[in-house]
Amino acid sequence: MGNLKRIMLAEDNGKDVELALAALEENHLTNEVVVVRDGEQALQYLRREGAYKDRAEGNPVVILLDLKMPKVDGLEVLRVVKADPHLKAIPVVMLTSSREERDLVATYNLGVNAYVVKPVDFTQFVEAVKSLGVFWAILNEPPVGSAKK
């Protein structure tokens with residue numbers, strides 16, 4: 001189990017964080033899940049700055065990113081990640097409540113790997129997060145060296 005891959009969850013809604021963590025745990029995904037509550041924290045974590053300067057090396061295997069967050073929104077986080085040579089290989093899944101076409105188009109234009117609208121129904125939300133966790137943390141094969149713990 002020494003090669004578990006880290007998942008980053010960037011979400012400002014406490015209830016959605018709880019649901020996502022419960023969904024991953026329910027599926028026995030014991031990966032470390034790093035939770036950040038705004039886009040600024042997400043970027044600091046990824047760049048190993050501020051409160052995260054001493055975090056373990058290596059990037060998360062996937063970023064589950066909310067679109068509408070305080071300080072720095074998900075679009076800007078995505079823009080920065082996909083423009084940075086050290087971060088751009090990290091898969092980014094937009095996990096959002098927005099069904100707006102312009103948000104969908106904007107995220108794909110910036111290089112998002114998937115766009116998932118958060119289901120309102122609790123059971124569907126849990127299933128969506130479990131599926132994302134299984135795919136990105138277990139099934140998907142990242143480039144060599146991109147997902148060190």
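No lab work stands behind these numbers, since they all come straight from the coordinates. A quick note: this is a predicted structure, and the numbers were derived from the prediction, not measured. We place every Cβ from the backbone using ideal geometry, glycine too, and count neighbours over all the protein chains shown.
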Checklist entry - How many nm separate the modelled label positions at Phe122 and Ala56, each set 7 Å beyond the Cα in the direction of the Cβ? => result 3.2
Next on the checklist: Under 5 Å between amide hydrogens, which residues at least 5 positions from Ala114 or on another chain qualify, with H placed 1.01 Å from N in the peptide plane?
Outcome noted: Val92, Met94
Checklist entry - Convex hull volume of the Cα atoms in the chain, per residue, in Å³? => result 103
Checklist outcome for this item: With a 22 Å threshold on alpha-carbon distance, the violating pairs from Lys88/Lys130; Lys53/Lys118; Lys15/Lys130; Lys5/Lys71; Lys5/Lys53 are Lys88/Lys130; Lys53/Lys118; Lys5/Lys71
Item to check | Listed residues Pro85, Pro60, Pro70, most fluctuating in the chain (Gaussian network, C-alpha, under 10 Å) | outcome: Pro85
Checklist entry - How much FRET efficiency would the formula 1/(1 + (r/R0)^6) give for Val134 and Ala89, where r is the Cβ-Cβ distance and R0 is 30 Å, rounded to 0.05? => result 0.90
Item to check | the chain - mean residue ellipticity at 222 nm from DSSP helices (-39,500 (n - 2.57) per run, n ≥ 4, rounded to 500) | outcome: -11000 deg cm²/dmol
Checklist entry - Under a point-charge model restricted to the Cβ atoms of Lys and Arg (+1) and Asp and Glu (-1), what is the dipole moment magnitude of the chain relative to its Cα centre, in debye to the nearest 20? => result 480
Next on the checklist: For a quick check, take a GNM of the chain with Cα springs below 10 Å and name the residue from Glu32, Glu18, Glu76 with the largest mean-square fluctuation.
Outcome noted: Glu18
Next on the checklist: Please compute, for the alpha-carbon atoms of the range 73-141, the extent along each of the three principal axes and give them in descending order in Å.
Outcome noted: 37, 30, 16
